[in-house]
Amino acid sequence: MLRLFKRTAPQRDPQEFHVSHGADSYRIALKRVAGATRFTIRVRSATRDVVLTIPLRGSLTAAQDFAQRHAAWIGARMSRLPKPIPFHPDETIPFEGAPHLLQHDPDARGTVWLGATADGRPALCVAGDARHVHRRVSDFLKREARKRLEQSVKRHCAKINVKARDVTLRDTTSRWGSCSASGGLNFSWRLIMAPPHVLDYLAAHEVAHLIHMNHSDEFWALTRKLSSDVDRAEAWLKAHGASLHRYGARSAGDVD
Ligand SMILES: [Zn+2]
C-alpha cells in the first residue's frame with residue numbers, strides 16, 4: 001500500500017509580533033535558539049525592545065500565548081526603563097559627557113553650534129524650523145563624533161606605526177566599536193555623548209585590534225600603552241553606556 005504523507009513546507013516565523021496590555025501594545029522580537037529549552041522574555045534597556053527566545057522546535061502559537069500571558073510583566077518592566085529623550089527643543093542631552101540644553105533659535109543663522117543658556121549652562125543651539133531640530137542635532141553629533149574619532153585613531157595609529165583603512169560610524173547596540181579583518185574601524189556615533197576619555201579609549205582599543213585581532217594579554221598590554229584610561233573608561237561604559245541609547249529616537253513630526 002502506498003501511503004502519501006502530506007508534507008507541508010516549514011512555516012516561516014514572523015520576525016516580530018505584538019502583544020497588548022490595556023491600552024499599550026508591545027512589539028516582541030522572536031528569536032529561535034538552538035540551545036533554548038523553554039520560552040524566555042527579555043526586555044533590553046538599551047534599545048527598549050522585547051525579545052522572546054523559543055526553542056528551535058517550539059510552537060509559535062504557544063510562544064505567542066506565553067508572551068501575551070506575560071504582557072503585564074512586560075508593561076511593568078518597560079515602565080521602569082529610562083524615558084527616551086528625543087532631540088527636541090528644551091530637552092537636555094549629553095555632549096562630551098556634559099549635559100547640554102537643546103536651545104532652539106528659529107531666527108538665528110547657521111545650523112547647530114555650541115553655546116550657553118541665559119544663565120550660563122552649556123547648550124546646543126539649533127537654528128531653523130522646529131521640525132528639523134532632530135535631524136540637525138543628529139547630523140551635528142555624527143559629524144563631531146567622526147571628527148574626534150578620526151583624530152584619536154590617527155594619533156594612536158601614529159604611535160605604533162599602523163594605518164586604519166577607514167573609520168565608519170554606525171548606530172550599534174551590541175558594541176561600541178569594531179575592527180574588520182581588512183583594517184576598517186567602526187564606531188557608534190553615540191560615543192560623542194560620552195566623556196572624551198571614553199571615546200579616546202575606544203579609538204585606542206580598536207587601533208590595538210589592527211595588531212591583535214583578539215582580546216589576548218598582548219592586546220590589552222598594547223591598548224594600555226595607547227590609553228591610560230582603560231579601566232576608567234571601561235567602568236564608565238559599564239555604568240552609563242546603555243543610557244546613551246535613550247537619546248535621539250525619531251518621533252512623529254520630525255522631518256529629515
Ligand atoms: Zn575588542
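Derivation of every value follows stated rules applied to the coordinates shown; laboratory data play no part. Note that the structure is predicted; figures quoted are calculated from it, not measured. We place every Cβ from the backbone using ideal geometry, glycine too, and count neighbours over all the protein chains shown.
Compute the long axis of helix 196-209 from its Cα atoms, compare it with the longest principal axis of the Cα atoms of the chain, and write down the angle in degrees, 0 to 90, nearest 10.
Around 70 degrees separate the two axes.
Kindly state, as a whole number, the per residue volume in cubic angstrom of the convex hull around the alpha carbon atoms of region 92-246.
121 Å³
Report the gain in length on full extension from Leu114 to Lys238: 0.36 nm times residue separation, minus Cα-Cα distance, nm rounded to one decimal.
Gain on stretching Leu114 to Lys238: 41.8 nm.
Once Lys and Arg get +1 and Asp and Glu get -1 on their Cβ, which of Leu210, Pro106, Gln68 lies farthest toward the positive end of the dipole of the chain?
Gln68
Where nothing but the Cβ of Lys and Arg (+1) and of Asp and Glu (-1) is charged, how large is the charge dipole of the chain around its Cα centre, in debye to the nearest 20?
1180 debye
So how tilted is helix 60-69 from the main axis of the chain? Cα-based, degrees 0 to 90, rounded to 10.
70 degrees
Students often get this wrong: which residues of region 181-200 have the backbone nitrogen under 20 Å from the point 7 angstrom along Cα-to-C-beta of Ala98?
190-200, by backbone N distance to the label point.
Tilt of helix 217-226 relative to the longest C-alpha principal axis of the chain, in degrees (0 to 90, nearest 10)?
30 degrees
Once the convex hull of the C-alpha atoms of region 49-125 is built, how many Å³ does it hold per residue, rounded to a whole number?
Each residue corresponds to 172 Å³ of Cα convex hull volume.
Relative to the compact-globule scaling 2.2 N^0.38 Å, provide the ratio for the alpha-carbon radius of gyration of region 87-169.
1.33
Can you give the extra length, in nm with one decimal, that the chain gains between Arg69 and Val255 once fully stretched, where that is 0.36 nm per residue apart less the Cα-Cα distance?
63.2 nm
At 0.36 nm per residue, minus the direct Cα-Cα distance, what do Ser182 and Val162 gain on full extension? Give it in nm, one decimal, please.
Full extension of this stretch gives 5.9 nm more.
Rg over Rh of region 192-256, using C-alpha atoms and the Kirkwood radius, what does it come to? Show your work: numbers first, answer last.
Values: Rg = 15.4 Å, Rh = 13.4 Å.
Expressed as Rg/Rh, it is 1.15.
Using R₀ = 25 Å, calculate the FRET efficiency as 1/(1 + (r/R₀)^6) where r is the Cβ-Cβ separation of Asp171 and Ser20; round to 0.05. Please report the intermediate quantities before stating the final value.
On the way: r = 28 Å, r/R0 = 1.13.
Working from the Cβ atoms, E equals 0.35.
Can you give the log10 of the normalised intensity I(q)/I(0) at q = 0.15, 0.18 Å⁻¹, computed with Debye over equal Cα scatterers of region 16-80?
With one equal scatterer per Cα and no solvent, log10 I(q)/I(0) is -0.42, -0.59.
Mind checking region 33-122 for trypsin sites (Lys or Arg not before Pro) that DSSP puts in a loop (not H, G, I, E or B) and that have at most 11 other Cβ atoms within 10 Å?
Taking region 33-122 and a limit of 11 other Cβ atoms within 10 Å, the loop trypsin sites (Lys or Arg not before Pro) found are Arg38, Arg57, Arg109.
Trp220 to Asp90: FRET efficiency via 1/(1 + (r/R0)^6), r the Cβ-Cβ distance, R0 41 Å, to the nearest 0.05?
0.45
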